[in-house]
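Below: one structure, written as structure tokens.
The values are calculated or read from the model by the stated rules, or taken from the named source; none is laboratory data. Quantities reported herein were computed from a predicted structural model and do not represent experimental measurements. Every residue, glycine among them, receives a Cβ derived from its backbone with ideal geometry; neighbour counts consider all protein chains shown. Accessible surface areas use protein heavy atoms only, side chains included; no ligands, DNA or RNA. Shrake-Rupley method; radii C 1.70, N 1.55, O 1.52, S 1.80 Å.
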Amino acid sequence: MIRVDFSVPVDFEDIPIGADFETAWAELNRRYAQPSMTGDLDQEKLGEMARALHQVSCLLKEVGVVYAADCLHMFHGEPSLGSLAVAVVDFPYGDDAATAARGTLRGVLESRGPEWAGSVVDTPCGPAAVFTGGQVYTLSPVFSPNGEAVDVLTAQFHAMIPVPEEAGGEGRRMCLMAFSTPNVGHWEECYAPVMAAVLRSLRFTEDGQSRGGCSPTSG
């Protein structure tokens, strides 16, 4: 088993991976049934959100996500939202992690266009290809404030880290970290330092079980 250990910011709450609908419903009620920054949510809206969370939770499991979380907090007097996912996937990269990181950097930047930037950085667990940029998502009318589909620009941070041989990677595993926030103006001051700290805290170990473990800790 390749175990992924890292520090999770205290504002983040875990998103269940591979949850059934009942678990998704219970999670949403726990978070939002009481008045909060989201305001009052009726049962119909909670039901729509629970169905969406159930679908997302199943998809996360299918694509190899081992940890997911989101945060909703106040930043400079404004509500601020962010989401984080960490995955370990099959990715044959050969014998040299540094070469793999550079090749990944070049390939991703070529595919995403000039609005994305990236570099290879040294981390305690080895070289990582790190990318930042923007991506537009279409918000469903179900969740839109005006009942119409809305395009939402998000700030994105992605890191791709070859899992080292000593942790069981053996040139065949890649760790993917992805963060996004619709509060683009909050990225540089609020979230960039957080993601840098998460990346610096990342560690891989091998504990002899099936692949895909994750042990986040609060930080």
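So here's what we get for this one:
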{"quantity": "Region 149-169 - residue that is modelled with pLDDT of 75 or more and small (Gly, Ala, Ser) and, of those, most open to solvent (accessible area, probe 1.4 Å)", "calculated": "ALA149"}
{"quantity": "Residues that are in a helix (DSSP H, G or I), of a type in the set (Asp, Glu) and surrounded by fewer than 18 Cβ atoms within 10 Å (Cβ to Cβ), drawn from region 6-32", "calculated": "GLU22"}
{"quantity": "THR99 being more than 28 Å from CYS190 (Cα to Cα), at pLDDT 90 or above and not in a strand (DSSP E or B)", "calculated": "yes"}
{"quantity": "Pair list, Cβ < 8 Å and 6+ apart or interchain, from region 58-74 residues that are open to solvent by less than 80 Å² (accessible area, probe 1.4 Å) to residues that are hydroxyl-bearing (Ser, Thr, Tyr) and assigned to a strand (DSSP E or B)", "calculated": "ALA68/SER83; ALA69/SER83; ASP70/SER83; CYS71/SER80; CYS71/SER83; LEU72/SER80; HIS73/SER80"}
{"quantity": "Residue match in region 70-82 (condition: closer than 30 Å to ALA24 by Cα and of a type in the set (Ser, Thr, Tyr))", "calculated": "yes"}
{"quantity": "Residue count, region 79-105 (criterion: in contact (Cβ under 8 Å) with a residue 12 or more places away in the chain and open to solvent by 20 Å² or more (accessible area, probe 1.4 Å))", "calculated": "15"}
{"quantity": "Filter result (assigned to a loop (DSSP other than H, G, I, E, B), closer than 15 Å to PRO182 by Cα and open to solvent by 20 Å² or more (accessible area, probe 1.4 Å)) within region 106-148", "calculated": "SER140, PHE143, PRO145"}
